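K.L.:
One structure coming up, written as structure tokens, with questions to follow.
The values are calculated or read from the model by the stated rules, or taken from the named source; none is laboratory data. Computed from a prediction, not measured in an experiment: that's the story for all the values here. Backbone-built Cβ (ideal geometry, glycine too); neighbour counts: all protein chains shown.
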């Protein structure tokens, strides 16, 4: 849902910022797409969208190689992911 809000924001359409919290959800877990750069971009955009106080997690099941896993892990750590 948060990614749909981001897409709406990118098109200039009013989104429902923080609607997930209003519905009672206490966190969001993203799943890997397999491209560390794209995943990093989306993870940072999601963090900016929901703010610093909302728990975010990432499931890296796409099987990154070690260098890409380190690169993405660094971005996720800086963005405050669990």
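K.L.:
Could you list, in sequence order, the residues of the stretch 49-78 that are surrounded by 16 or more Cβ atoms within 10 Å (Cβ to Cβ), modelled with pLDDT under 95 and closer than 25 Å to residue 22 by Cα?
P.N.:
Once the filter is applied, which keeps residues that are surrounded by 16 or more Cβ atoms within 10 Å (Cβ to Cβ), modelled with pLDDT under 95 and closer than 25 Å to residue 22 by Cα, the stretch 49-78 yields 49, 50, 54.
K.L.:
Does any residue in the stretch 9-28 that is under 22 Å from residue 58 (Cα atoms) come within less than 6 Å, Cβ to Cβ, of a residue that is at pLDDT 75 or above six or more places away or on a different chain, and which pairs are these?
P.N.:
Final answer for the pair search is 27/55; 28/56.
K.L.:
Can you tell me which residue is surrounded by the most Cβ atoms within 10 Å (Cβ to Cβ) among those in the stretch 38-48 that are touching a residue at least 12 places away in the same chain (Cβ under 8 Å) and under 16 Å from residue 69 (Cα atoms)?
P.N.:
39
K.L.:
Next question, about the same structure. Please specify each residue of the stretch 2-24 satisfying the condition of being assigned to a loop (DSSP other than H, G, I, E, B), on the phi < 0 side of the Ramachandran plot and either surrounded by 13 or more Cβ atoms within 10 Å (Cβ to Cβ) or at pLDDT below 70 (or both).
P.N.:
11, 13, 14, 15, 16, 17, listed by residue number.
K.L.:
On the given criteria, is residue 76 in contact with a strand residue (DSSP E or B) (Cβ under 6 Å, 6 or more places away or on another chain), in a helix (DSSP H, G or I) and under 24 Å from residue 9 (Cα atoms)?
P.N.:
Answer is yes for this residue.
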